[in-house]
1. Label-point separation (nm) for residue 31 and residue 382, each offset 7 Å from Cα along Cα-to-Cβ?
2. Direction-averaged shadow area of the convex hull around the Cα atoms of the stretch 113-203, nm²?
3. Can you give the angle from 0 to 90° between the axis of helix 160-172 and the longest principal axis of the chain, with both taken from C-alpha atoms, to the nearest 10?
4. Would you check the accessible area of residue 69, probe 1.4 Å, heavy atoms only, in square angstrom rounded to 10?
5. Just to be sure I understand: with springs between alpha-carbon atoms less than 10 Å apart, which residue in 57, 237, 205 has the highest mean-square fluctuation in the Gaussian network model of the chain?
6. Average the reciprocal distances over every distinct pair of alpha-carbons in the stretch 212-321, invert the result, and give the Kirkwood radius in Å.
7. Average the reciprocal distances over every distinct pair of alpha-carbons in the stretch 1-60, invert the result, and give the Kirkwood radius in Å.
8. With just the Cα atoms defining each centre, how far is the stretch 216-242 from the stretch 393-429? Give it in Å.
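The values are calculated or read from the model by the stated rules, or taken from the named source; none is laboratory data. All of these numbers come straight from a predicted model, not from anything done at the bench. Cβ: placed from backbone, ideal geometry, glycine included. Neighbour counts: every protein chain shown. Quick note on the areas: whole protein, heavy atoms, side chains included, nothing else; ligands and nucleic acids left out. Shrake-Rupley method; radii C 1.70, N 1.55, O 1.52, S 1.80 Å.
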Amino acid sequence: MEKTKVAIVGLGTVGTGVARLLLDQGDRTARHAGRTLWLEKAVVRDLKKPRGVDLPKGVLTDDLSEVTDNPEIKAVAQLIGGLEPDRTIMLKLLESGKDVITANKALLAEHGPELFDRARELGRSIAFEASVAGGIPIVAAIGQCLSANQILSLHGILNGTCNFIVSQMDHHGASYGAALAEAQRRGYAEADPIMDVDGSDAAQKLSILAHLAFGARVHWRDIPREGIQNLHPVDLKFAAGLGYRIKLLATAQLVGDQLELHVAPQLVKIGSPLADVRDAYNAVRVVGDAVGRVWFHGLGAGQMPTASAVVADMIDTVVGRTAITFRTLELWSQRPASVLPREFEAVAGRYYLRFDVDDHPGVLAEIAGELGRHGISIASVIQNEPLEDAAGRVPLVIMTHKSTQGAVAVAATEIDRLDSVRGRSVRIRVHD
Ligand code: NAP
Ligand code: HSE
């Protein structure tokens, strides 16, 4: 059988999974590729570090030039992470004639235009299925399978680490710190887990999906985002009492000719598919004008689910499918954006608000008055029992009718300044 030589650069969580699939499942990959994918080299920083895979002699190297100088190596899975040296290494690989497969959404969200332009100039391709939602084939679905549609909206749980942490807190009473440490131990989190928990990783993935689905060119830093670092267990409990779970959601939705984009924790109705997405699972709900509503669900982080997407991209690359889609999609080219982002303040929704208030007469009326002054209508009010060590204060939870992000933000800031209100209020949008 024909043999195509491939390489891996970066043998951490994902790289090791890719090596395992190539070495242990050679027959399977050969069946799908019509040729053997031969792992010729695996480039690492530290040759002495133990690796979770038995590599044939001569495969492991700490010298990238053993890949770039070998014209027989056609495709390289680059699985390092971060911006540098990943960017420079990708350019070197492309310039030495390799097609590249990456799982690095941070790199694409930051340097996509430069890297894709360079690949096009050189007649090479970059495949990136694993960069969004791990094992879920969402890039192929949006870029190819749903291409007859105008995508109308896309809502997703795109960060496995956050979903794992919130699930552990919600269902097992774990502390935020313990749940994060466990997500790191399992290999879900980024090298710098702040990127996961502050919503950056989900915003990077959303910027990629928004480009694919809507032709939007929005830098991930310009996507309004909030993470889960300040999520308090009491809000998980109060939300459950109201019939909701809290999930970190990424949203891209056409409103007229504008695109609403944001990443934030949201209240999701218990019983809806998104509310049931637990642990490191991701899910994406896409609505297209022809197909209607389509759901995707699967593991969004972890070694083998991510390796599954990388190896599928390797197969597509060596058989030539990637080159065709890469050329036709013209991603991050000079083509002008087809849609502009909608101002965040104008984004409409219902809100869950929690205030920590003095337990004395007139406070509720004061708060209701402020909300009313900003045109925010109250749907329900629950004054809960005082929390432990509350010293005369009680949590007041208000569900609003539909308002705008801007009006709710201004009203909440003014309410926080009232003498009877302590600390900063909590406001979480309801996903309708
Ligand atoms: P990781 O476990 O930290 O592995 C990174 C690997 O890159 C390490 O083995 C490291 O070497 C190696 N490396 C760093 N600099 C290098 C260099 N200059 N030359 C060669 N190798 C170098 O990271 P990971 O979790 O596998 O993630 C890799 C990429 O996949 C990231 O972009 C991440 O965002 C993405 N991703 C990860 C997941 C996941 O679940 N983990 C899911 C989807 C996407 P040493 O081993 O010697 O330190
Ligand atoms: N750190 C990422 C996550 C890995 O937790 O979702 C998958 O991209």
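1. Label at residue 31, label at residue 382, 5.2 nm between them.
2. The directionally averaged projection comes out at 8.1 nm².
3. On a 0 to 90 degree scale, this one is about 50.
4. About 120 Å², ignoring ligands and nucleic acids.
5. It is 57.
6. About 16.7 Å for the stretch 212-321.
7. 11.8 Å
8. Cα centroid to Cα centroid, the span is 15 Å.
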